[in-house]
1. Keeping every protein chain in place, order A:Ser203, A:Ser159 by accessible area at 1.4 Å, biggest value first, i.e. largest first.
2. Note every residue of region B:107-149 with a reduction of at least 20 square angstrom in accessible area, all protein chains present versus the isolated chain, computed with a 1.4 Å probe, or write none.
3. Cα gyration tensor of region B:235-333, axes a ≥ b ≥ c as square roots of the eigenvalues: rounded (a/c below 1.5), prolate (a/b > b/c) or oblate?
4. Averaging sequence separations of C-alpha pairs under 8 Å and six or more residues apart, then dividing by the length of region A:33-179, give the relative contact order as a whole percent.
5. I'd like the distance between the alpha-carbon centres of region B:54-129 and region A:72-99, rounded to an integer number of Å.
6. Can you tell me which of A:121-128, B:220-227, B:262-269 comes out highest on packing, and rank the rest after it, using the mean Cβ neighbours within 10 Å?
7. Remind me, relative contact order of chain A in percent, using alpha carbon pairs under 8 angstrom and six or more residues apart?
8. How big is D for region B:91-193, in µm² s⁻¹ as a whole number, if Stokes-Einstein is applied with the Kirkwood radius of its Cα pairs at 10 °C and 1.306 mPa s?
Amino acid sequence: MKKRSLLITTCVWIVLLAIWFLVTNLKLVSPILFPSPQAVWSTFISILQHGYNNISFWQHLGITLFRLFSALILAILTAVPLGLASGMSELVHSLVDSLIQFYRPIPPLAYYTILILWIGIGEGSKIILLYLAAFAPIYLACVEGVKHINQDYILSAKSLGANKWFIFKWVIFPGALPDIFTGIRTAMGVSFSTLVAAEMVASTSGIGWMVIDASKYLKSSVMFLGIFILGGLGLLLDWLLQLLEKKWIFWKGKN
Amino acid sequence: MKRFIRFILVDLLMILTFSLVSCSSNDNLQTNEIRIGILNTPNDVAVARNKNYFQKAFPNKKITFITFDSGVDANKALMSGGVDFATMGDTNGIVALTAGIPVKLLWINEICGSNECLIVRKNSGIKSIADLKGKKIATPFASTSHYSLMITLRNAGLENKVKLLDMDTQNIVAAWKRGNIDAAYTWQPTLSQLQNNGQVLTDSSDLFKKGYSTANITLVSKVFLKAHPNEVRKVVQVLAKTHRLRKDNYQMTVESAAKQTGISQSDAAKQIKGTKWISLNEEYSKDYLGNEQEPGQFILAMQRAGKFMYGQQTISYAPSLKQFQEFVYAGGN
């Protein structure tokens, strides 16, 4: 079964690639609207060799990953403790939950201009934007994670004489860990999709910026390349997180 | 497997119908509507709108005006067939030419002068262009201001020695107020918001004297031109009328432009004073657009700009003089 679905997936990609190749090489569509696969490939080689706008490709990729991971690490460091606390304590929950529920559905672009006015145009405002996008999913997952823990486990630990810290360390935290990981994966997806927006204003580097800049000069092959890189990068990062999840949370899905 | 093949077939069919639909929507010209992409500046189009010149010239047509922040978006609209005419900086016109958008250069709306300036903060300690070394300068990329800034920096030997930031005009004002940038190359009305604590280092009229002219131009889509050559001629007449009005009644021109764009008369006057509106005869003369036999001076300057932009890797090739000559609308006289 697994083999068959893999085959179908591969076929879909090959067919789409073939259609793309045919449609562009038979000149059925304008090359500005739809560059050919060869054009995108040669753009990729040229950007690898010469960089884009006097900045090498690896610097563009590096700054983008730096922004993403700083935001993500910051979000994990703050959202996990707050989420767990909010899940365990009624007091913390009533203090912070409504605030987070309020800002969560606001599209990040809506408050980005305010962030720029407050923090400026440097790396700070970009990282804060991604951080805010990543914070809410992790927080929510932590709250849910704590709530889903079987109360019997906590009661059993208590009856065996475990203190609060001990219960947290050996019951609540490991119990919530699968949910926390799901939260982190969601958070990465959300902040990844905010990336282009974050690099849209007053920036001169990054993969997202490359797409925006190329659109100003209608360089569609660079835009296609940027979109492919972002898509591939997103898949790769998610796959890495899944690997970590399997390694660290080996008990997930087993009761 | 059978189901899978059917799935692929359905997919193919969908792609086919989609491409057919998108093709036909491009050809489907609504003859009763003329769609004009405009910039929100007090230029000739604004005056013509305020004086109802378009309505008078086209009594039976619906004229739709679509405002763009810059030529970047106007080009996207031209490419997708969303507008028939669009006004933009001439650098965006070069981008349109190299990207192969089916358009022609119809009209020079205004030659840029002191309405586009390189302005620095008063307390930044920058007294001359050489002092810009290592400073943060903002400009909207791909605009005429961007080109003028790059030429200024190159002439001063400061290429790659400053930090350039790509911002649209509103963000330049915000970053200026916060003190995030030391200098900006931009246009009115943004400039008047910076002038309180700013000092002008140079403006585009200085570059014009050195042969690096920049201008706002109007492009017309080839599809529209082919289908309605008379309408295109009429649009040229409408715009020429505003240029005559400026010559004959300057005060009225400023008033109409200010009213249309919603800015104060003094701001409009400041901005219009900085630009040059040339007469219909001059437009297609050897000083500006020229004709098929003889390229105009403005076209030569545009070709130089094309070469420079190619050198900056912003466009994929430098168009030849012949390509520029073919780019110009013939039949303006």
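The values are calculated or read from the model by the stated rules, or taken from the named source; none is laboratory data. Here the structure is a predicted model, which is why all the values come from computation and not from measurement. Reconstructed Cβ throughout: ideal geometry from the backbone, glycine too, with neighbour counts over all protein chains shown. Surface accessibility is based on the protein's heavy atoms, side chains included, excluding ligands, DNA and RNA. Shrake-Rupley method; radii C 1.70, N 1.55, O 1.52, S 1.80 Å.
1. A:Ser159, A:Ser203
2. B:Phe141, B:Ala142
3. Oblate.
4. 26 percent
5. 50 Å
6. A:121-128, B:220-227, B:262-269
7. Working: 246 pairs, mean separation 60.0, N = 255.
Answer for chain A is 24 percent.
8. Taking Rh from Cα pairs, D becomes 108 µm²/s.
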